[in-house]
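Below is one structure, written out as structure tokens; the observations come after it.
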Amino acid sequence: MHRLARSGGSRELLHWVSGRAAGWAGLLDGAGTVLHAVDRGTDGTGTTAAALAGAYAKDIAGLDARAFSFDHEQHTALLLPLDGPDGAAGPILAVVAPNPLPNGLARLLSDVATPLALCWTAEEVESKRRRVELAESRSREAVLHLLMTGQLSIAHQVAGALRPPLPDPVRVYVVECANGRRDEVARICTELSGGRSWIVRCPVYARHLILIVPTDTDTDTGADTGADTGAGPGPGSGSGSGSGSGTDARAEADAAEHRLGLRVAEAVPECVVGVSADLPLPDTATGYRQAFHALAVARTLPDRHSRFGSTPDPAVATGAAGARWADQLLHPLLAHLPRRAQDPGSQELSATLASWLAFSSHATHHLKIHRNTLAARLRLIGELLGLDLNRVGDQATLDLALRIRATPTEPRARHRPDERTPAGTPPDLDELLRAPAVREWAAQQLRPLTGGPETPRNTADPLATLRVWLRHEAQLAPAAEALGISVPGLRKRLTRLESVLGRSLLQAPSARYDLWLALRSLDARDG
């Protein structure tokens with residue numbers, strides 16, 4: 001009995017009692033609702049026995065006794081109220097067995113009452129703890145969603161009841177864990193960051209943790225991945241140690257020991273860590289994308305840790321002309337009024353579009369909606385904007401427009417629009433991509449593939465591979481057929497390009513939008 005209580009809890013004890021009684025055994029609350037039940041009887045009266053026990057449980061509420069026995073036709077019901085925590089009323093142990101009852105059954109129930117009550121109390125405490133943890137996890141996920149959609153004031157309000165407070169500025173980490181170890185790694189990250197990290201279990205990828213960390217938590221100057229810089233990985237990027245800022249080797253080694261990402265990777269050998277640049281809190285969405293891209297590079301490094309390199313932002317490079325272009329493009333969506341109260345409005349549709357562009361079909365997990373709901377919203381968005389959301393080009397166009405609208409007005413104003421565009425008249429996309437700042441950004445995007453030291457040296461032209469893949473809507477099978485190679489062969493090529501570019505291609509958030517825009521800018525310039 002005590003062995004069952006330690007190893008299996010209340011369910012195993014009920015299973016054992018039911019077998020000894022050759023009948024039905026269960027735990028019920030005061031209203032007669034069955035909490036747990038096991039039927040090992042041979043007469044097939046389990047449902048009837050449960051109803052009978054429930055009716056008797058309601059009848060004993062006003063009776064002053066420690067045990068009850070009721071006869072009903074060919075069965076006898078034995079009921080024992082159990083003690084709850086701190087003297088409170090616990091559940092009722094009920095056994096319904098055919099007559100004649102086995103010898104010693106009443107004494108057996110008296111003996112099992114105490115360990116069963118203890119098991120039930122422990123299980124209730126554990127259940128409440130899990131509900132509290134789930135509520136906190138969902139609250140943190142909600143705060144992350146608010147930060148990703150730019151609703152900073154509401155995020156601070158929701159986060160006020162949790163700890164630690166939201167930092168500013170921040171560094172975003174994406175930690176990829178082994179299956180089943182995410183909770184353990186979350187505890188390790190909390191300890192290593194001194195409890196100062198805002199840790200969220202990713203709602204999209206079951207193996208990912210997202211950490212929002214104060215920039216002064218560690219001295220992680222890290223190894224840039226070289227992404228978007230046009231110079232490829234910097235010195236030391238292969239080991240993730242970085243080159244520091246002119247310090248000697250010993251000081252650099254000491255700094256490396258304090259990097260949160262490296263310490264997480266060292267503490268849990270299966271972990272891979274991607275780290276963003278230091279950013280203001282309102283740019284959390286950008287930080288997440290950067291950390292996700294750095295994660296793709298970190299998978300190929302010995303220390304399983306990489307930090308995103310500095311990069312210009314195409315949303316800023318487009319300047320004021322880009323702001324006018326984005327406002328005009330998105331106007332039908334932003335001005336949409338639902339026909340019915342239960343239909344999604346413009347804000348909900350915009351959030352759906354942003355989530356889908358970032359996570360593709362995984363947006364259902366991010367938004368907590370059914371896939372049919374997602375498909376219906378995307379159809380409506382496509383109709384409102386007059387775009388085909390199945391095309392990478394239209395996806396990239398919308399992604400750029402949403403990023404421009406999310407960019408603060410002041411940084412945009414520092415860039416002059418293309419002088420060929422009359423003031424107040426929104427340019428088209430090609431005019432926008434021909435602007436000098438955008439062309440410079442595009443060149444930096446593609447430089448690792450156009451002759452830099454990190455350009456892959458093999459018979460396959462990496463730029464041609466990228467063009468064909470994007471031309472076939474980033475679909476592996478048709479792109480592989482067009483290139484005359486197998487799907488696994490194309491996947492290997494794209495994986496190599498991820499390391500060279502320092503960006504994720506095959507998993508969302510993917511760099512395919514930026515690369516499509518960069519190639520379009522290159523073609524618009526040449527044209």
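List of remarks:
- In the range 187-209, the qualifying residues are those that are in a helix (DSSP H, G or I) and out of contact with any Lys or Arg (no Cβ under 7 Å at 6 or more places or on another chain), and the one that is surrounded by the fewest Cβ atoms within 10 Å (Cβ to Cβ) is ARG187.
- Between PRO98, PRO167, the distinction of being of a type outside the set (A, V, I, L, M, F, W, C) and in contact with a His (Cβ under 6 Å, 6 or more places away or on another chain) belongs to PRO98 only.
- A Cβ distance below 9 Å, combined with a sequence gap of six or more or placement on separate chains, defines the contacts here; from the range 117-137, residues that are in a helix (DSSP H, G or I) reach residues that are surrounded by 11 or more Cβ atoms within 10 Å (Cβ to Cβ) and of a type in the set (Val, Ile, Thr) in the pairs SER137/VAL200.
- Here ARG512 meets each of (1) among the charged types (D, E, K, R); (2) at pLDDT below 90; (3) buried (at least 20 other Cβ atoms within 10 Å of the Cβ) with one exception, condition (2).
- Filter pass, ASP303 being within 27 Å of VAL185 (Cβ to Cβ), surrounded by fewer than 24 Cβ atoms within 10 Å (Cβ to Cβ) and either at pLDDT 85 or above or over 27 Å from the mean Cα position of the chain (by Cα) (or both): no
- Pairing each residue of the range 351-379 that is assigned by TED's automatic domain parsing to the domain that holds ALA508 and closer than 16 Å to GLN507 by Cβ with any residue that is acidic (Asp, Glu) and part of a helix (DSSP H, G or I), provided the two are 6+ apart or on different chains, yields no C-beta distance under 7 Å.
- Total residues in the range 107-161 satisfying the condition of being more than 18 Å from the chain's Cα centre (by Cα) and among the hydrophobic types (A, V, I, L, M, F, W, C): the figure is 16.
- Screening LEU93 on (1) within 18 Å of ARG20 (Cβ to Cβ); (2) at pLDDT below 85; (3) in a strand (DSSP E or B); (4) among the hydrophobic types (A, V, I, L, M, F, W, C) shows it passes everything except condition (2).
- Note on the range 103-137: among residues that are surrounded by 14 or more Cβ atoms within 10 Å (Cβ to Cβ) and of a type in the set (D, E, K, R), the one that is farthest from GLN157 (Cα to Cα) is GLU123.
- Subset of the range 19-35 [within 23 Å of LEU101 (Cβ to Cβ) and outside any loop (DSSP other than H, G, I, E, B)]: GLY19, ARG20, ALA21, TRP24, ALA25, GLY26, LEU27, LEU28, VAL34
- Restricting attention to the range 424-476, the residues being polar (S, T, N, Q) and at pLDDT 90 or above number 2.
- Filter pass, ALA178 being modelled with pLDDT of 85 or more and not basic (Lys, Arg): yes
- Output for the range 143-179, where each listed residue is in contact (Cβ under 8 Å) with a residue 40 or more places away in the chain and in a loop (DSSP other than H, G, I, E, B): THR149, GLY150, LEU166, PRO167, ASP168, PRO169, CYS177, ALA178
- Members of the range 477-503 found to be hydroxyl-bearing (Ser, Thr, Tyr) and more than 25 Å from the chain's Cα centre (by Cα), listed by number: SER486
The values are calculated or read from the model by the stated rules, or taken from the named source; none is laboratory data. Worth saying up front: this structure is predicted, and the values here are computed from it rather than measured. Here the Cβ is made from the backbone with ideal geometry for all residues, glycine too, and neighbour counts use every protein chain on show.
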